[in-house]
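Take a look at the structure below.
The values are calculated or read from the model by the stated rules, or taken from the named source; none is laboratory data. Quick caveat: nothing in here was measured; it's all calculated off a predicted structure. Neighbour counts run over all protein chains shown; Cβ positions are idealised from the backbone, glycine included. Just the protein is used for accessible areas: all its heavy atoms, side chains included, with ligands, DNA and RNA removed. Shrake-Rupley method; radii C 1.70, N 1.55, O 1.52, S 1.80 Å.
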Amino acid sequence: METLAPTPEEQFQARIDADIRIEPKDWMPEAYRKTLIRQISQHAHSELVGMLPEGNWITRAPSLKRKSILLAKVQDEAGHGLYLYSAAETLGTSREQMLADLHSGKAKYSSIFNYPTLSWADMGCVGWLVDGAAILNQVPLCRTSYGPYARAMVRVCKEESFHQRQGFEIMQTLCEGAPAQKEMAQEALNRWWWPTLMMFGPKDSESPNTEQSMKWRIKRFTNDELRQKFVDMMVPQAEFLGLTVPDEKVKWNEERQAYDFGEVNWEEFWAVVKGNGLCNHERLQARVQAHEEGAWVREAALAHAGKRKARETVAA
Amino acid sequence: MNNSEWPLWEVFIRSKQGLDHKHVGSLHAADAAMAVQNARDVYTRRLEGVSIWVVESKHIHASNPDEAAEFFDPAADKVYRHPTFYDVPDSIKHM
Ligand SMILES: [Fe+2]
Ligand SMILES: [Fe+2]
Ligand SMILES: [Fe+2]
């Protein structure tokens, strides 16, 4: 009996199942390409917009050491954005298109950056919790099926652990300081805890794309799995700091060998996703403004490069 | 607006004297000098390199992945190119 030749889709899935990475010029289903462009560009936008809440404190960092560290961290986030835009560009989209989609509001970025950074302790919470959550999301992405994305994530992950540690150190310093400093730390944790849990995305039962993404090995864990991991990691760290996680349902479950915890306020989650968070407007405006005010620099650099090239050609 | 996009460059970095340059990613820059400088800022913030090459992406020519099987086929059936193909008597040393 004659066996049917496998379709391109079947061959593709077989490569994925064998953990063979997909590279830019390989054949891939259109939906795989689209999913990746959406996810990678969203991730890149998050790195870019993520610079804003921390940039807010660079000029007001409490010491030169903290200022240098924060500057280096924010510069890293710009770098992460660039690695990721490059990875997305290998799929056939352009930098210009991605930025246009961000600026028009068509493309999303992580909702966490639509919350304001009100006190210095927020720099601690952003590093400790937000980068901590990002790391949990990102480590499995180092093995994601698309080669350029996986390679970009390896570089990102190497740099992220300093981000989390400097945040934890800020929290630890505050918690070992005066009562008012410790209070500031607790107050920041109260505000950041739930939004950080939202970073893992909607519940598995409400995340229709998860199944396909897992099948394509773009994703390796579900949103709920990662959220649980995060809680299990963070509750003991908060205890070490002498802080209380703002969720009275948090309790060690001996049977599950994991922490039980309360329900995220999903109404708030969707409201922020849809553009109604505290800072959505401000963040987008800051991005658009930076882009527009930088236009003349980009044009001038190109004109300068063109002139120099023309001169070189004449000289030759 | 479209003509104001800086061209794309591929970046190669020598991590250590004595090693070869390795592709690390790409970036946009108006010209080669700017590409080298941007590559330093984007890809070597933690002493990852001692030397940088950049080449405009449009100048890279690549083999076709759809033809990879036929293209690399000539090497597939020549096991005798590998030392493990040969039986060396146990008593023979230094080979
Ligand atoms: Fe980052
Ligand atoms: Fe990140
Ligand atoms: Fe980070």
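List of remarks:
- Any hit, segment A:178-187, residues being more than 18 Å from the chain's Cα centre (by Cα) and not in a helix (DSSP H, G or I): yes
- Remark: pairs (first residue in segment A:159-185, within 14 Å of chain B (Cβ to nearest Cβ) and of a type in the set (S, T, N, Q); second residue in a helix (DSSP H, G or I) and within 13 Å of ligand 3 (Cβ to nearest atom); Cβ separation under 8 Å; 6+ apart in sequence or on different chains) = A:161/A:135.
- Among the criteria (1) out of contact with any Pro (no Cβ under 7 Å at 6 or more places or on another chain); (2) more than 24 Å from residue B:44 (Cα to Cα); (3) within 11 Å of ligand 2 (Cβ to nearest atom), the one residue A:112 does not fulfil is (1).
- Test set (1) surrounded by fewer than 19 Cβ atoms within 10 Å (Cβ to Cβ); (2) assigned to a helix (DSSP H, G or I); (3) more than 14 Å from ligand 3 (Cβ to nearest atom) - residue A:118 fails condition number: (2)
- Residues located in segment A:121-151, provided they are among the charged types (D, E, K, R), within 15 Å of ligand 3 (Cβ to nearest atom) and touching a residue at least 40 places away in the same chain (Cβ under 8 Å): A:122
- The set of residues in segment A:66-90 being away from ligand 2 (no atom under 16 Å from the Cβ) and surrounded by 19 or more Cβ atoms within 10 Å (Cβ to Cβ) consists of A:66, A:69, A:89, A:90.
- Among residues of segment A:41-72, those that are away from ligand 1 (no atom under 16 Å from the Cβ), in a helix (DSSP H, G or I) and over 21 Å from residue A:279 (Cβ atoms), counted: 5
- Residues in segment B:43-71 that are without any contact (Cβ under 8 Å) to a residue 24 or more places away in the chain and part of a helix (DSSP H, G or I) were compared, and the one that is nearest to the other protein chains (Cβ to nearest Cβ) is B:65.
- Complete set of residues in segment A:199-227 that are outside any loop (DSSP other than H, G, I, E, B), of a type in the set (D, E, K, R) and over 24 Å from residue A:263 (Cβ atoms): A:215
- Where a residue in segment A:76-104 is under 20 Å from residue A:289 (Cβ atoms) and more than 7 Å from chain B (Cβ to nearest Cβ) and its partner, wherever it lies, is among the hydroxyl-bearing types (Ser, Thr, Tyr) and away from ligand 3 (no atom under 16 Å from the Cβ), with Cβ under 6 Å and at least six apart: A:98/A:41
- Of all the criteria given as (1) away from ligand 2 (no atom under 14 Å from the Cβ); (2) assigned to a helix (DSSP H, G or I); (3) out of contact with any strand residue (DSSP E or B) (no Cβ under 6 Å at 6 or more places or on another chain), the one not satisfied by residue A:106 is (2).
- So residue B:42, is it surrounded by 10 or more Cβ atoms within 10 Å (Cβ to Cβ) and either of a type in the set (Phe, Trp, Tyr) or at pLDDT 95 or above (or both): no
- The single condition from (1) in a helix (DSSP H, G or I); (2) surrounded by fewer than 24 Cβ atoms within 10 Å (Cβ to Cβ); (3) more than 16 Å from ligand 3 (Cβ to nearest atom) that residue A:93 fails is (1).
- Against the criterion of being open to solvent by less than 30 Å² (accessible area, probe 1.4 Å) and within 16 Å of ligand 3 (Cβ to nearest atom), residue A:99 does not qualify.
- Failed item in (1) more than 14 Å from chain B (Cβ to nearest Cβ); (2) more than 16 Å from ligand 3 (Cβ to nearest atom); (3) in contact (Cβ under 8 Å) with a residue 12 or more places away in the chain, with residue A:59 passing the rest: (3)
- Residue satisfying all of: in segment A:140-179; open to solvent by 50 Å² or more (accessible area, probe 1.4 Å) and of a type in the set (Ser, Thr, Tyr); farthest from ligand 2 (Cβ to nearest atom) among these: A:173
- In this structure, residue B:74 does not qualify as part of a loop (DSSP other than H, G, I, E, B), more than 11 Å from every other protein chain (Cβ to nearest Cβ) and loosely packed, with under 10 Cβ neighbours inside 10 Å.
- Qualifying residue in segment A:15-29 (condition: modelled with pLDDT of 95 or more, within 16 Å of ligand 2 (Cβ to nearest atom) and either of a type in the set (Val, Ile, Thr) or part of a loop (DSSP other than H, G, I, E, B) (or both)): no
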